[in-house]
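*Asks:* Shown below is the structure under consideration.
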Amino acid sequence: MKLRQYQVDAFASRVFEGNPAAVVPLASWLDDTLLRAIAGENNLSETAFFIPSQKGFKLRWFTPGAEVDLCGHATLASAHVLFTHLGYSGPVVTFETRSGDLMVERQGQFLVMDFPSRPPTPCAAPQALLGALGRQPVEVLAADDYIVVFDTEDAIRFIEPDYAQLQLIDLRGVAVTAPGREADFVSRFFAPKLGVPEDPVTGSSHCELAPYWASRLGKTDMRARQLSRRGGEMLCRLDGSRVMLSGTAVTFMEGEITV
């Protein structure tokens, strides 16, 4: 069987930046074992698969190690493939997912994703988390991930976590964050238990970061930068129980896989 596959740099204005995702359009679902094998073979932080549906498309995301409930950059990459390569002509595409219906709207050069807001709440920091980061944070909160707040951008930039200890935490991953010098806030994201030691740019974590920083900064429109080696930026808008995440994407590769 031959399948078309695209590799897209999401939250990037040029190739070699942002977060690469593989996107595989399907006519119908393949066996889950095969979907996991394709994601493992790609060895990117996410591989997205979608099939047509009455509302638009059903979308699933796989890391090299597991299927996940929500992924921002691979959603952005999937919308980019539909708009750019597959002739989707509508202004908005609807994805049916494990996190509900997600809409992506084309606005000029930007793709705007409508995601659920997931405000984190303060919590006690697990010892494994503190030991893994090797620094004393200002605050620790939890939602789908631990949100660990520091004072400065440099603290985020120079953290070198112990990934073995991070695998012991009970939540999906860890976002470390601080006020930014040129952006409203900066972050990095680690999820080694899902096979992603450090994710280059993480849309889903901004569903937690945006409400936190909106409350702290007293504003609903914010510019965020993720300080991974590749780096990436997005615009965040808090709109009630939703977070609008805006970014751009570029195609790095399109080809055919044989399974």
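*Asks:* Spelling out what I want: for every residue of the range 138-155, take phi, set θ = phi - 60°, compute 6.51 cos²θ - 1.76 cosθ + 1.60 (Karplus), and round to whole Hz; glycine and proline get x.
*Replies:* 6, 7, 10, 10, 9, 9, 5, 10, 7, 10, 10, 9, 10, 7, 10, 4, 4, 4
*Asks:* While we're looking at this one, here's another question. Out of residues 5 or more away from residue 142 or on other chains, whose amide H comes under 5 Å of its own, with H placed 1.01 Å from N in the peptide plane?
*Replies:* Amide H to amide H, under 5 Å and 5 or more residues apart or across chains, residue 142 pairs with 121, 123, 147.
*Asks:* Further question: Would you tally the net charge around residue 70, using a Cβ to Cβ cut-off of less than 12 Å, leaving residue 70 out, and scoring K and R as +1, D and E as -1?
*Replies:* -2
*Asks:* Could you run the Karplus curve 6.51 cos²θ - 1.76 cosθ + 1.60 with θ = phi - 60° over the range 182-192 and give me ³J(HN,Hα) per residue in whole Hz, x for Gly and Pro?
*Replies:* Per residue, the Karplus-derived 3J(HN,Hα) values read 10, 10, 5, 8, 10, 7, 9, 9, 10, 9, x Hz.
*Asks:* Out of residues 5 or more away from residue 173 or on other chains, whose amide H comes under 5 Å of its own, with H placed 1.01 Å from N in the peptide plane?
*Replies:* 146
*Asks:* Take the Cα of residue 33, step 7 Å along the line toward its Cβ, and report every residue of the range 230-259 whose backbone nitrogen sits under 20 Å from that point.
*Replies:* 258-259
*Asks:* Highest mean first, how do 120-129, 2-11, 197-206 rank when packing is the count of other Cβ atoms within 10 Å averaged over residues?
*Replies:* 197-206, 2-11, 120-129
*Asks:* Further, regarding this structure: When Lys and Arg each count +1 and Asp and Glu each count -1, what net charge do the other residues less than 10 Å away from residue 238, Cβ to Cβ, add up to?
*Replies:* For residues surrounding residue 238, the net value is +1.
*Asks:* With contacts defined as alpha carbon pairs under 8 Å and 6 or more residues apart, what's the relative contact order of the chain in percent?
*Replies:* Across the chain, relative contact order equals 24 percent.
*Asks:* Another question about this same structure. Suppose each label sits 7 Å from its Cα in the direction of the beta carbon; what would the residue 257-residue 181 distance come out to in nanometres?
*Replies:* About 4.0 nm, to one decimal.
*Asks:* On a straight-distance basis, which aspartates and glutamates could pair with residue 193 in a cross-link, Cα separation under 13 angstrom, same-chain partners fewer than 8 positions away excluded?
*Replies:* Hits, sequence-local ones excluded: 67, 145, 162, 170.
*Asks:* For residue 110 and residue 2, calculate 0.36 nm times their separation in residues minus their Cα-Cα distance, and state this gained length in nm to one decimal.
*Replies:* Extra length from residue 110 to residue 2 when fully extended: 35.7 nm.
*Asks:* What residues have an amide H closer than 5 Å to that of residue 117, excluding those fewer than 5 places away on the same chain, when H is modeled at 1.01 Å from N in the peptide plane?
*Replies:* 242, 243
*Asks:* Roughly how many debye, to the nearest 20, is the charge dipole of the range 121-238 about its Cα centre, given +1 on each Lys and Arg Cβ, -1 on each Asp and Glu Cβ, and no other charges?
*Replies:* 200
*Asks:* Could the peptides 60-73, 27-40 be put in order, highest first, of the mean number of other beta-carbon atoms found within 10 Å of their residues?
*Replies:* 60-73, 27-40
The numbers here are math on the coordinates, done by the rules we state, and not lab data. Source: prediction; values computed, not measured. Don't worry about glycine lacking a Cβ; one is built from the backbone with ideal geometry, like all the others, and counts go over all protein chains shown.
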